[in-house]
Amino acid sequence: MNKKRKIKVIGIFFYSLFVIKFVFPTWTPDIKGINSISTLQQIEINGTKMEVMIRGKNQSNPIIIFVHGGPGCSEIPYVRKYQDLLEENFTIVHYDQRGSGKSYHFFEDYSNVTTDLHVDDLLELTDYITERFGQEKVLLIGHSFGTYIGMKAASKAPDKFSAYIGIGQVADTVQSELDSLRYTINQAKLAGNMSDVKKLENLKSSVENGEKFTPRNLVRKYGGAAKLINDNMDYYLGFLFGPEYNFLDAIRFVKGVSITQSILLSEERKQHITSIIDRFEVPCFFVMGQYDYMTSVSAAQTYFAKIEAPVKEFIIFDESAHYPQFEQKELFANWLNETWRELDKK
């Protein structure tokens, strides 16, 4: 009987923890400092409620708005541990895009979501942030698919931004995907995984025609997504232990990806960013990890060469893949601090 009682007590304990984690109130930890900020809240933006996380040691610092990728893959669940150095000198804004993560609402219709709608959301959020902090402009940083949205926003309303930075920059989708396919096939051959080789080679014509992407699970398997971090594990740990997300939010995350990702990726395949934007009125920076095959360096370089901008620079981080801002966070923070000092002089 004692053993049964112990098992029952343990079962009740873990069940209670699960229930608590499912619905517990979320927050983002405080930052020490008289003028610091650390908020996580829903804000009404362009007709929908969006989750916005703002963190920084001094609210008077310049503002960065990060545009996450995916599509639909919010970075709020885990990003805090990678931006501690940036919080020293910048006020960092992350938001879950419409239909993504904590901005997914179960009874809202996302069937007509487009990148143009995301751009309008971003521009209205930018207005909210600049008014709230009394600043004229923000530094706009897009990551992965977020660069598609970020570039369109910076092109549409350059007066709102001091510069645009694309990390893991999207470019010509077919060129990028063929680079990814070749890389993944070569790595699979080196590993002796001929079943993966066959699977990938069978996709060649579909990738060439712009109908499919190189499977992300295989790009990740062979080191084309991350070299120095485990990006998937970051999500799992964030969902399980991070205070910014509870289990219900994790369900929102998965649901949002399942509904909006295919719609937005289809738009990207049909309307390559290279055919939409080739000129900027603000400084433009592409930041790539050398081993990035989620968005290939070669495709980004080809696109970068065609872009006209008052200032432009292509930066390669030589030890990372698709997440140089996380994989080499110290180097990235140093680069961003120096880049901002140069921009601020002009």
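The values are calculated or read from the model by the stated rules, or taken from the named source; none is laboratory data. None of these values were measured; they are calculated from a predicted model. Heads up, the Cβs are rebuilt from the backbone with ideal geometry, glycines too, and the neighbour counts pull from every protein chain shown.
Listed values, structure above:
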read-out	value
Meets criteria (surrounded by fewer than 18 Cβ atoms within 10 Å (Cβ to Cβ) and at pLDDT 80 or above) for Pro29	yes
Verdict on Leu178 being touching a Ser or Thr at 6+ places or on another chain (Cβ under 7 Å) and either aliphatic (A, V, I, L, M) or free of Cβ contacts under 8 Å to residues at least 60 places away in the same chain (or both)	no
Cβ pairs under 6 Å, 6+ apart, first in region 34-46 and under 13 Å from Asp127 (Cβ atoms), second surrounded by 14 or more Cβ atoms within 10 Å (Cβ to Cβ) and not charged (D, E, K, R)	Ile43/Met50; Ile43/Val52; Ile45/Leu125
Failed item in (1) in contact with a strand residue (DSSP E or B) (Cβ under 6 Å, 6 or more places away or on another chain); (2) surrounded by fewer than 21 Cβ atoms within 10 Å (Cβ to Cβ); (3) among the β-branched types (Val, Ile, Thr), with Thr48 passing the rest	(1)
Matching residues in region 136-195 - criterion: being out of contact with any Leu (no Cβ under 8 Å at 6 or more places or on another chain), within 24 Å of Arg341 (Cβ to Cβ) and of a type in the set (D, E, K, R)	Glu136, Lys137, Asp159
Any chance Ile185 is β-branched (Val, Ile, Thr) and crowded, with 24+ Cβ neighbours inside 10 Å	no
Thr214 vs. criteria surrounded by 21 or more Cβ atoms within 10 Å (Cβ to Cβ) and in contact with an Asp or Glu (Cβ under 6 Å, 6 or more places away or on another chain)	yes
Lone qualifier among Ala250, Ala309 - being over 19 Å from the mean Cα position of the chain (by Cα), surrounded by 18 or more Cβ atoms within 10 Å (Cβ to Cβ) and small (Gly, Ala, Ser)	Ala309
Selection count, region 295-346, where residues are over 18 Å from Tyr148 (Cβ atoms) and of a type in the set (A, V, I, L, M)	9
Selection from region 73-103 of residues that are of a type in the set (Gly, Ala, Ser) and either at pLDDT below 95 or in contact with a strand residue (DSSP E or B) (Cβ under 6 Å, 6 or more places away or on another chain) (or both)	Ser103
Residues located in region 217-246, provided they are more than 17 Å from Ser320 (Cα to Cα) and either among the charged types (D, E, K, R) or touching a strand residue (DSSP E or B) at 6+ places or on another chain (Cβ under 7 Å) (or both)	Glu244
Meets criteria (modelled with pLDDT under 95, of a type outside the set (A, V, I, L, M) and out of contact with any helix residue (DSSP H, G or I) (no Cβ under 7 Å at 6 or more places or on another chain)) for Asp292	no
Subset of region 139-179 (residues that are assigned to a helix (DSSP H, G or I), among the hydroxyl-bearing types (Ser, Thr, Tyr) and under 19 Å from the mean Cα position of the chain (by Cα))	Thr147, Tyr148, Thr173, Ser176
Total residues in region 253-283, condition surrounded by fewer than 16 Cβ atoms within 10 Å (Cβ to Cβ) and among the hydroxyl-bearing types (Ser, Thr, Tyr)	4
Residue among Glu124, Glu108, Glu131, Glu88 that alone is more than 17 Å from the chain's Cα centre (by Cα), in a loop (DSSP other than H, G, I, E, B), surrounded by fewer than 19 Cβ atoms within 10 Å (Cβ to Cβ) and not aliphatic (A, V, I, L, M)	Glu108
Residues of region 65-92 satisfying the condition of being closer than 26 Å to Tyr236 by Cβ and in contact with a Ser or Thr (Cβ under 9 Å, 6 or more places away or on another chain)	Val67, His68, Gly69, Gly70, Pro71, Gly72, Cys73, Ser74, Ile76, Arg80, Glu87
